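Data block below; observations after.
Derivation of every value follows stated rules applied to the coordinates shown; laboratory data play no part. Here the structure is a predicted model, which means the values were calculated and not measured. Positions of Cβ are generated from backbone atoms using ideal geometry, with glycine treated the same way; all protein chains shown enter the neighbour counts.
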Amino acid sequence: MEPVRTIHRHIHEQAALHPDARGSFSRLLGQICLAAKVIGHHVNRAGLVDVLGGAGLVNIQGEVVQKLDILANAAMKDALFQSGTVAALVSEEEEAVIHVPKGTEKGDYIVHFDPLDGSSNIDANVSIGTIFAIYRRKSTGPEITDEDIFQKGTEIVGAGYIVYGSSTMLVYTAGHGVHGFTYDPSYGEFLLSHENIQLPEKCKVVSVNEAYSSNWPAGITDYVDFVKARKHPRYKDTTFRYIGSLVADVHRNLLYGGFFMYPGTVQKPNGKLRLLYEALPLSFVVEQAGGTATTGHERILEMTPNALHQRVPLFIGNRDDVQLFLEISGYS
Ligand code: FDP
């Protein structure tokens, strides 16, 4: 029988790579696993209990809030506060920085998260996910400052996501490779299923919502047409697939090889995706897996964020495809 490797064992092995580790980062990751189990449980039971559909609210982004968004947000906050390791949180669902409640143990980490990405797909049973990035607090005073919240992606100490799909899978990196764990309901544990994920060389999939193509800035269509022509050796067997759940699109491309784009449009030059809890964590994961991510002008991980819910155009995936995109679109 194959030895069973749980995520908790893996986290402890990774912690051993940092001789000065005091266990709080491991505790934090452990609590994200707990939140993933709670959210996964509710996602799997959606339809059986009253958690599907809108909550009758609109969030700070002007988007309809789903009941599962609220539930996932609460699960992440509860789990992270219980860890006693966080100094502050940023969530897609909340307008302002979330401070640690009075009487709760504080720690040194700042966590940015999107509790349920792709939530407009929930009612159709399409894969959705949770995305997170972890930073170490910079300031030393009693108050959380902008310096703590608006760090560059190069300062990330851990990032990952959970996909609730045909199974629930947690993918994370703490800077030593990208590792994937599949939830085994009979053990109640995430078990190592994808060790050291590397982006495959080939470009199996290009993902983009072409509905916006008439409003794209010049150059984007040139690249998309170049792929469709299927003349370049990279694109002879490439297919277009767009789930419309960022986390699921990026996860599929990470496993199959590919390139995801969400460009800005003439009306919305920064596109739709959010820097802090969508683009930055996924860019960190994809870079760790050998890929890259850019706005078309700047490496995502080197951007200095200036607002909690800031949006950015995102071009993420295999290095060769990002390079070809930059050349053909004329962005480089
Ligand atoms: P959703 O609105 O369903 O939460 O940023 C949110 C997001 O989904 C991404 O997960 C997804 O990639 C994108 O929006 C889809 O937007 P479009 O429908 O405009 O393509």
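The table that follows gives values for the structure above.
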| quantity | calculated |
| --- | --- |
| Residue order, fewest to most beta carbons within 10 Å, for Asp320, Asp114 | Asp320, Asp114 |
| Region 288-332: radius of gyration over Cα atoms, expressed as a fraction of 2.2 N^0.38 Å | 1.20 |
| Linear extension gain, Gln267 paired with Gln310, 0.36 nm per residue minus alpha-carbon span | 13.9 nm |
| The chain, relative contact order in percent, only Cα pairs under 8 angstrom and at least six apart counted | 15 percent |
| Charge tally in the Cβ shell below 12 Å around Gly264, where Lys, Arg are +1 and Asp, Glu are -1, Gly264 excluded | +3 |
| Compactness of the chain as Cα Rg over 2.2 N^0.38 Å, two decimals | 0.97 |
| Taking Arg137, Arg274 and counting other C-beta atoms within 10 Å, the order from fewest to most | Arg137, Arg274 |
| Computed [θ] at 222 nm, deg cm²/dmol, the chain (DSSP H ≥ 4; -39,500 (n - 2.57); rounded to nearest 500) | -8500 deg cm²/dmol |
| DSSP bridge orientation in region 75-147 - percent antiparallel, rounded to nearest 5 | 65 percent |
| Ascending count of other beta-carbon atoms within 10 Å, so fewest first, for Ile128, Ile70, Ile11 | Ile70, Ile11, Ile128 |
| Those lysines that a straight Cα-Cα span of less than 19 Å connects to Lys106, excepting residues fewer than 8 apart in one chain | Lys77, Lys138 |
